[in-house]
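The values are calculated or read from the model by the stated rules, or taken from the named source; none is laboratory data. Small disclaimer: the values here were computed from a predicted structure and weren't measured. Every residue, glycine among them, receives a Cβ derived from its backbone with ideal geometry; neighbour counts consider all protein chains shown.
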Amino acid sequence: MRIDIVTIFPEFFRGAFEYGIIRRAQVAELVDIKVHDLRRWTQDKHRQVDDRPFGGGDGMVLKPEPIFAAVEELTGASEREAYAEGTRVVLLSPQGRVFTQSLADELAKSAHVVLICGRYEGVDERVAEALVTDEISIGDYVLSGGEAASVVVVDAIVRLIPGALGNETSAVNESFSDGLLDYPHYTRPPEFRGMRVPDILLGGHHAEIERWRREQALKKTERNRPDLLDEKKL
Ligand code: ADE
């Protein structure tokens, strides 16, 4: 898989992909991640990437021309319809559809993902209308830009690439993959500050442990994310 990130703050990503699973996936050549400075695609001598909003209002808006030029060069396509099969061009913005595990699964199956980091008060709407395949928000809060959101999206998709996790089953057993939160985990010591690890986990009865974990996952989901239970057929 190839991932290209287009940003006006390339330095933001320094070190972001150099740890753990994401680093390993790059070393194993499962993914090639490149960060690009949007200013590379400006034509004027001030390398201007933003301008004042038509209709007035505060702040600056990212201009369409450099973003279109960046995506056209990185994808080799000149229109959205002409993207190669398996290419996704994503705009990170608070106006996008909310990022979920199932969207991460979908993106992880793509051959090429281009992530465009929005900034300032916004991005010229023609980018969302005519250039991108997906406009994605990582949650209902406003960040100062799409950079932190891009790191989240890259992390969530790279770990789903087959071979990226050491243990192939571990992506299947965790939170969200079956619509529930993960069950609680414990390690040594068996007693810490008066808090004991549940006896059942110390006993070695695998079927009972499985049942307990499922119950606990349900309880935790009920307590912290009842909305997930409404969506799920139990
Ligand atoms: N940019 C600003 N806020 C954002 C959000 N919640 N998700 C994605 N990109 C953003």
message: Of the conditions (1) away from the ligand (no atom under 16 Å from the Cβ); (2) in a loop (DSSP other than H, G, I, E, B); (3) touching a Pro at 6+ places or on another chain (Cβ under 6 Å), Gly166 satisfies every one except a single condition; which number is it?
response: (3)
- prompt: How many residues are under 14 Å from Val132 (Cα atoms) and of a type in the set (Asp, Glu) when one looks only at segment 36-72?
  reply: 2
- line: Out of (1) within 16 Å of the ligand (Cβ to nearest atom); (2) within 28 Å of Tyr19 (Cβ to Cβ); (3) of a type outside the set (A, V, I, L, M), the one Asp182 does not meet is (1)
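So which residues in segment 204-234 are in a helix (DSSP H, G or I), exposed (fewer than 11 other Cβ atoms within 10 Å of the Cβ) and not charged (D, E, K, R), if there are any at all?
Restricting attention to segment 204-234, the residues satisfying the condition of being in a helix (DSSP H, G or I) are 206-224, 226-231.
With exposed (fewer than 11 other Cβ atoms within 10 Å of the Cβ) added as a condition, the list becomes 206-207, 223-224, 226-227, 230-231.
Answer for segment 204-234, where residues must be in a helix (DSSP H, G or I), exposed (fewer than 11 other Cβ atoms within 10 Å of the Cβ) and not charged (D, E, K, R): His206, Ala207, Asn224, Pro226.
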- request: Name the one entry in Gly194, Gly179 that is free of Cβ contacts under 8 Å to residues at least 12 places away in the same chain and either within 28 Å of Trp212 (Cβ to Cβ) or acidic (Asp, Glu) (or both).
  value: Gly194
- request: Would you please list the contacts, defined by Cβ atoms under 7 Å and residues six or more apart or on different chains, that run from a residue in segment 139-155 that is farther than 22 Å from Ala111 by Cα to a residue that is near the ligand (Cβ under 7 Å from one of its atoms) and small (Gly, Ala, Ser)?
  value: Leu143/Ala149; Gly145/Gly118
task: Working carefully through the options Leu181, Leu165, find the one that is surrounded by 10 or more Cβ atoms within 10 Å (Cβ to Cβ), at pLDDT below 95, touching a helix residue (DSSP H, G or I) at 6+ places or on another chain (Cβ under 9 Å) and not aromatic (Phe, Trp, Tyr).
output: Leu165
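Of Ala70, Ala77, which residue is within 23 Å of Met1 (Cβ to Cβ), assigned by TED's automatic domain parsing to the domain that holds Gly122 and without any contact (Cβ under 8 Å) to a residue 12 or more places away in the chain? Walk me through how you get there before you give the answer.
On the way: Ala70 fails: without any contact (Cβ under 8 Å) to a residue 12 or more places away in the chain.
Matching residue, one of Ala70, Ala77: Ala77.
Here's the yes/no breakdown for (1) surrounded by fewer than 23 Cβ atoms within 10 Å (Cβ to Cβ); (2) at pLDDT 95 or above:
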| residue | (1), (2) |
| --- | --- |
| Ser110 | yes, yes |
| Val113 | no, yes |
| Ile116 | no, yes |
| Tyr120 | yes, no |
| Val123 | no, yes |
| Val127 | yes, yes |
| Gly145 | yes, yes |
| Val152 | yes, yes |
| Ala156 | yes, yes |
